[in-house]
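Q: Take a look at the following structure, please.
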Amino acid sequence: LEEVVKGNSSSEWEFARNALFSKHPEMIGWPENHHFEVFKLEIENVFLVNWFGGRKTVTVDQYLNASGNGGRAS
């Protein structure tokens, strides 16, 4: 994990923070002693696991650009 520096004013940090709080607005009021921080995931491996047949390795590009058709032919 790469930490997105707390208090960083970069556009990436602002975007991440705003996206997080838009989905979880209750977090805005969390006390400072929760020590909450924002992290950036640098995904390197994706493994899909079904009930049968073991895992299937896909590239990050394949995962991010999946059509969402459940693996069925179009």
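Q: Could you please give the count of residues in region 24-53 that are out of contact with any strand residue (DSSP E or B) (no Cβ under 8 Å at 6 or more places or on another chain) and either acidic (Asp, Glu) or farther than 27 Å from Glu14 by Cα (or both)?
A: 6
Q: Can you find, within region 33-71, the residue that is least open to solvent (accessible area, probe 1.4 Å) among those that are among the basic types (Lys, Arg) and over 18 Å from Arg17 (Cα atoms)?
A: Checking each candidate, the answer is Lys56.
Q: Related question: Given the conditions (1) at pLDDT 90 or above; (2) open to solvent by less than 90 Å² (accessible area, probe 1.4 Å); (3) more than 15 Å from the chain's Cα centre (by Cα), report the number of the one that Trp30 does not fulfil.
A: (2)
Q: To continue, here is another question. State the number of residues belonging to region 8-27 that are assigned to a helix (DSSP H, G or I), modelled with pLDDT under 90 and of a type in the set (Ser, Thr, Tyr).
A: Here the count works out to 1.
Q: Any chance you could count how many residues in region 54-71 are more than 24 Å from Trp13 (Cα to Cα), modelled with pLDDT of 80 or more and either of a type outside the set (D, E, K, R) or in a loop (DSSP other than H, G, I, E, B) (or both)? Working first, answer last.
A: Start the filter on region 54-71 by keeping residues that are more than 24 Å from Trp13 (Cα to Cα), which leaves 54-59, 62, 66-71.
With modelled with pLDDT of 80 or more added as a condition, the list becomes 54-59, 62, 66-67.
Filter once more, so that each one left must be either of a type outside the set (D, E, K, R) or in a loop (DSSP other than H, G, I, E, B) (or both): 54, 57-59, 62, 66-67.
Residues that pass the stated criteria total 7.
The values are calculated or read from the model by the stated rules, or taken from the named source; none is laboratory data. Since this is a predicted model, take the numbers as computed values, not measurements. In this analysis, Cβ positions are derived from the backbone assuming ideal geometry, glycine residues included, and neighbour counts consider all displayed protein chains. Surface areas here come from the heavy atoms of the whole protein model, side chains and all, with no ligands, DNA or RNA. Shrake-Rupley method; radii C 1.70, N 1.55, O 1.52, S 1.80 Å.
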